[in-house]
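Notes follow once the structure below has been shown.
The values are calculated or read from the model by the stated rules, or taken from the named source; none is laboratory data. Computed from a prediction, not measured in an experiment: that's the story for all the values here. Virtual Cβ from ideal backbone geometry, glycine too; neighbours counted across all protein chains shown. Quick note on the areas: whole protein, heavy atoms, side chains included, nothing else; ligands and nucleic acids left out. Shrake-Rupley method; radii C 1.70, N 1.55, O 1.52, S 1.80 Å.
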Amino acid sequence: MKPQLVNADTSLQANLSTKQDLFNRFGGMLLGYISEVVKSSAEAEQYLIDIFSQLQAADIRDITAPGKNTFIYLQSMARKKLASFVATVDECADVTPIVNDNKFVNLMAPEQQVVFCGMHYHGKTITKMAAELNKPEATIKQLLREAFTVIRSNK
Amino acid sequence: MIQQQYIDSGALEAYVMGSASDQEVKELLYMKATYPEVNFALQQLEVDMEHIAQQMAVIPPVRTWGKISETIDELIVRPVDNPEQYQTDKDDHNFTTGNQNNGPHYIEVESESNTMKINKVWKWVFAAVFVLGKIFLGFAIYFYLENRQAQLQINDLKTELRQLKK
């Protein structure tokens, strides 16, 4: 019994330490992303708290596994958490960023902006974007790809 | 090349933005495992996403980690217990409680019970008290009867004395 208790205790402390490390590394990036979506600092902070509070030991092991991009997985968790929220807000073009202007988005062509913003901040699928813009899915994917080309060329 | 066509299709971008369907994810994982070029392109996109996030990062308020830590602290386990406290003595009774100074370690259910555990020594003490009690009771009855008999004899003697005086 003693070794199990010791292991559980040590494991909990290790998880706490890893979680704090993840928070220090990615908390700001996630908060920036969430703030862009919810447009409210207080709400964004609460979402961030919820995400890190609900992060389980298995999740931590999974997202920090070798070969995985930890931030992408954390952002994916944030997207899932924000899914119900983004369903209730207006279109991307109608809202103004409260944090600061995204220099990459500003450099994109209008169609690229709509596709990137709709998918990145509003969690829309390729199919939904294609239906909304009345364009084939291949075109939406192409616009998205071009949007990333803009980001990469302006890093 | 099929892998280049796949990279150019925009499927990787949809995946990193979480917009890919289950079928597209399966296809991507297969392509990623099969073609190193696809894996490399995906890693590049993930770095791009990270770069966008860094650009838009907002430093969390100092209190934020404190709030997260509070919710975690509620789950911290109590100090490690000593297994010896769960062992019985050689007579297989009387659980020892080695860590009594560290606060309660059990759910208090004893007060609800109608029974109690005592040391076996008390069995002999109770037996001795019972036997002594019987002996004292016997003496008490004996002396009571003796006393009553004596009182009767005294009364008889007093009656005889009065008759003689007359």
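In the range A:102-143, how many are at the interface with another protein chain (Cβ under 10 Å from one of its Cβ atoms), farther than 16 Å from B:A53 by Cα, open to solvent by 30 Å² or more (accessible area, probe 1.4 Å) and not small (G, A, S)?
Total satisfying the criteria: 7.
Would you confirm, using the coordinates I've provided, whether A:T64 is over 24 Å from B:Y15 (Cα atoms), of a type in the set (V, I, T) and away from chain B (no Cβ under 11 Å)?
no
Answer yes or no: is there a residue in the range A:86-99 that is under 18 Å from B:I52 (Cβ atoms), modelled with pLDDT under 85, touching a Ser or Thr at 6+ places or on another chain (Cβ under 6 Å) and β-branched (V, I, T).
Yes, some residue in the range A:86-99 is under 18 Å from B:I52 (Cβ atoms), modelled with pLDDT under 85, touching a Ser or Thr at 6+ places or on another chain (Cβ under 6 Å) and β-branched (V, I, T).
Within the range B:10-49, which residues are at the interface with chain A (Cβ under 7 Å from one of its Cβ atoms) and open to solvent by less than 40 Å² (accessible area, probe 1.4 Å)?
B:G10, B:A11, B:E13, B:A14, B:V16, B:M17, B:S19, B:L45, B:E46, B:D48, B:M49
Could you grab me the full set of residues in the range B:108-155 that are hydroxyl-bearing (S, T, Y) and at pLDDT below 90?
Residues satisfying the conditions are B:S111, B:S113, B:T115.
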